[in-house]
1. Give the span of segment B:74-208's Cα atoms along each principal axis, as three whole-Å numbers ordered largest to smallest.
2. In terms of Cα to Cα distance under 18 Å, which lysines are near enough to residue A:260, apart from those fewer than 8 places away along the same chain?
3. I need the P(r) histogram for segment A:34-136: all alpha carbon pairs, bin width 10 Å from 0 out to the longest distance, whole percents.
4. Give me the number: length gained by fully extending residue A:367 to residue A:309, i.e. 0.36 nm times residue separation minus the C-alpha to C-alpha distance, one decimal in nm.
5. Indicate, rounded to the nearest 5 percent, the antiparallel portion of the DSSP beta bridges found entirely in chain A.
6. In debye to the nearest 20, how big a dipole does segment B:161-270 give about its Cα centre with +1 on each Lys and Arg Cβ and -1 on each Asp and Glu Cβ?
7. Any lysines with Cα under 16 Å of the residue A:211 Cα? List them, leaving off those in the same chain fewer than 8 positions away.
8. Taking 30 Å as R0, compute the FRET efficiency from the Cβ-Cβ separation of residue B:80 and residue A:246 and round it to 0.05.
Amino acid sequence: MRIVTALVALGLALVPPTARAQHLLVPMDDEQTNHLKAYGLTYNALHDGARGEWLLNYRGGSFLLPDTPELRRRAALDGITTQPIDDATLADIRNQMSQANMESVPLEKAPRIAVYTAPYSPPWDDAVILALRYAGIPYTPIWDDEIEHGDLAKYDWVHLFHEDFTGQLGKFYIAYSGASWFVDMQRTNMAMAKKLGFPNIPALKKDIAMKIREYVNNGGFLFAMCGATETLDLALAAHGVDIASVFADGTPMDPNADAKMDWNASFAFRDAQLEMSPYVNSMSDIDGHQANVPGRRQPLGTFTLFAFSAKFDPVPSMLVQDHRTVIPDFYGVTTSFMKNRLKPGVTVLADEAGAPWVKYIHGDYGKGSWTFLGGHDPEDPQHAIGNPPTDLSLHPNSPGYRLILNNVLFPAAKKKPLKT
Amino acid sequence: MRINRKAVALVVVAALGMGAPVASAQSGDTVSAAYLRGQDLETRDQYDSAAAAYRQALAQTPTSLTAMLGLERVYAQLGRSDSLLPLLDSAIARQPRLTALRAAQMRTLRSLGDRAGMQRAYERWRHDVPHDSAPYQEYARMLIEDGYTAQADTVLQEGESDAGGGRGFAYEVAQLDAAMGKWEPSARAWRQAVADNSYLADAAVFALFPTPMATRDAVRRALAAPPVSTPPLKVLGALELAWGAPREGWTALHVLRPDSATLVAWVDFARRAEQANAWLVARDALVAADQADPTPGYLVRAANDALAGGDAAGAASLAARAETDLDSAAAATTALPVHLRALSTLGRPADGAKLLAAYAGVLSSDEQAQYARLLAWGWVRVGDLDHARQALAASGGGDDAASGWIALYQGDLAGARSQLHAQGDPAGDVLAVIALLDRTRATKSAPLGNAYLTLARGDTAAAAADFAAAAPALSDAGSLLIATSARLYTAHGDAPQAIAAWKTIVDSLPQSPEAPEADLEWARILRRTKQTPEAIARLEHLIITYPESALVPQARRELELARQTVPSTS
């Protein structure tokens, strides 16, 4: 016995402290010191040709990567918690997962990412760009001319932020018509519309919306936040109707616009009532919170992520991987989506208990899929124009930002045939 | 909670008491026994009984404003504000022009969340008192506070149309524009509001402070536009201070024609600048104030500010000017101390000694000893340790710190260690010296003493070289001496020499406690000189090589900024 102990001790002493195991587990529960950077570590591992696994529901949705000196180095630099594990430990983990609502999803290829953003937009005003930059995930900014020239096909995943696809520039003219930034925005958009052969901004944005829908139909992954969610669907449904106020296109809205909307053309919503007044900063009754309409503004609560079967519903499961299930809500131009405006078949990923609205939705369209998340910035709940940008190094464990990064990574997952 | 509520009630009661003559004049109010009983019960948190007493007071005098306001307070505590409304309705019917009653009605409806009721009350009010600005102002302020900016805008437009002219609404318009992020129009409205009511200056600064960087120039132009006047420039001066640009604040203010209002603005600006540690700007404002209204007190303050801001020569000159305007006894206690400190800092202890001798007749022995110690430091600064010792002796000795420093300058490390340790609560530079002395077991080192003496004389570059030269002979503190050398080179703006010193530590002394700091400071210099990839390499080296170092979080922060993965303005 004494000899065995001595041999074990000797054996341990001979193993160098930095000896490599076979695998690197990136836990995503409360032991993780930097959840957001962990997504970047995984993305870049795939980008460099490595394979990985997403261990759905295992310790907050952990990642499994090969144990290489380079990945260890990157993790150390970014303060990401990793745990080297050997085959035996991994076998134990797999056994544990097989007996619970957990599943391993292979991650094969880093998706090519584009972010639809206007050239005048500062990078720090977009939660997705903030997340991508902080996590170290590369992306390509695109705007109307790239889309009109067919560039969407070059990307696996496209993000839309608070663009107003109704072409009314967020109705900001109500409060900011004299502000220099608004004048610049209007001038730049009008110039782009003319350059691309459209008579006005609403006409251009409608066409962009249709090209985005075509992209999803052909197999693209779309992720939209804030006002882009609502206005994209409004623009799609309004393909034959004037829903832009007079200040945007020189003609008033069609007074019968509500009745003429074609909801077969939209992704997520149906039967919405448009806001007819050009002086009310709201597009429709899709948004439950109406943050910019004083008399209608609803207070913020919390939203709860739904639990899905990791084995049978891996896609929604991936989208809700988080170390928290209840998350503080945050305002945006569009903060939430009224339940009575959702199309049948839309998957609700998160809602607010007792409220008539939901926060986070997903659906398939053609060969692709779309995901909408309401709100502007998960770590700046009251976000107002002129607020300082969010510094994610102060929020490395943000559960709200994890939802964004789940969306970035989920196109990397190898599609497996569903078990049902 | 109980104490706070009572305190608030007392303050309110006190405020009402102070305002009672006005209320009485307006309402014909008389203070009844029932009202006084209600007041007493309210301060004892007996709100039910207080409400009964106030109601009784109102029954006796239905127009009693003080009783009505008392009832408003206690009903709010009891959650029965709705019970006040019928009483207010009948009181308003009797006295439709009494603003305080109307305002109480609006407040009560607001506390009940009855926005439609507020709108109706506002409409009735404007109907009952045409051409009076009060209903518009009161309602607009509430709407702004509650975030109903568009509605507030409508109300103010109605006010400007019905009550005539926009000037009366400048304050509300300014608040509204600020709430809507219309910074330039808000600044223009504030300009008008503070011109009419200078007490609004602080409110203007508070409202305009959040102006985004890109819009600040427009705000500056609005406040400084001709014709220049004191109130808006006073706001601009305070804003610049709040925005971290004190010099610009003084640049804006100094153009004012000196008069009594300007003088108050300049002295107030100096006070704010002192609070913001903008010493030299405060100095300039006080010198200008003295020119407008010669006052030795301004000059003494200006001298102290000059010295705090590193302008010892200016401090000496200002103190000397103050001395000429003061009698000897007053000068000895106000201008003389700062004058002596300035001369000591300038390395002119001989001049200081002459000055001190001139005041000998009006100084007590304790004051003379205290000032002699000041001069001892001046002698040290010029490297005349003999005179320093003499000055210390003249001060009666007993200054362990000064004796310790002198021992250090002479290379007597053991003596310095013992005397500096004897200080009860060492701070700042003393602490840094003790840390170094405790790193080595050497008892003597002339090169180290010389390095500190050179530093005391203010020759930073030579001191940096001396510290590096002292390192080889004191190997147990070698890395700390090189690090000190590097810090001094950095302070002197000599980036190449600083990098060379940090590099020595990184390459040759990687196990030393200063090694992580060397990486970090090296990286910071590289970032400042736009050598970003090299800076990133250094920061990565620190994080990977010294993962347990307390500097790793700072290094990660610097790394984020260098990689531009987080906004640099945060």
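Only the coordinates and a few stated rules stand behind these numbers; no lab work does. The structure displayed is predicted, hence computed values, not measured ones. Cβ coordinates were reconstructed from backbone atoms using ideal geometry, including for glycine residues, and neighbour counts include every protein chain displayed.
1. 43, 31, 26
2. Partners within reach: A:206, A:343.
3. The calculated distribution, bin by bin, is 13, 40, 31, 12, 3, 0.
4. Numbers: separation 58, 0.36 × 58 = 20.88 nm, distance 2.23 nm.
Difference between extended and current length: 18.7 nm.
5. Working: 35 of 51 bridges.
The antiparallel proportion sits near 70 percent.
6. Details: 10 positive and 11 negative charges, 56 e Å.
Here the size comes out at about 260 debye.
7. Counting by Cα, and skipping residues close in sequence, residue A:211 has these lysines nearby: A:154, A:367.
8. Numbers: r = 49 Å, r/R0 = 1.64.
Computed FRET efficiency for residue B:80 and residue A:246 comes out at 0.05.
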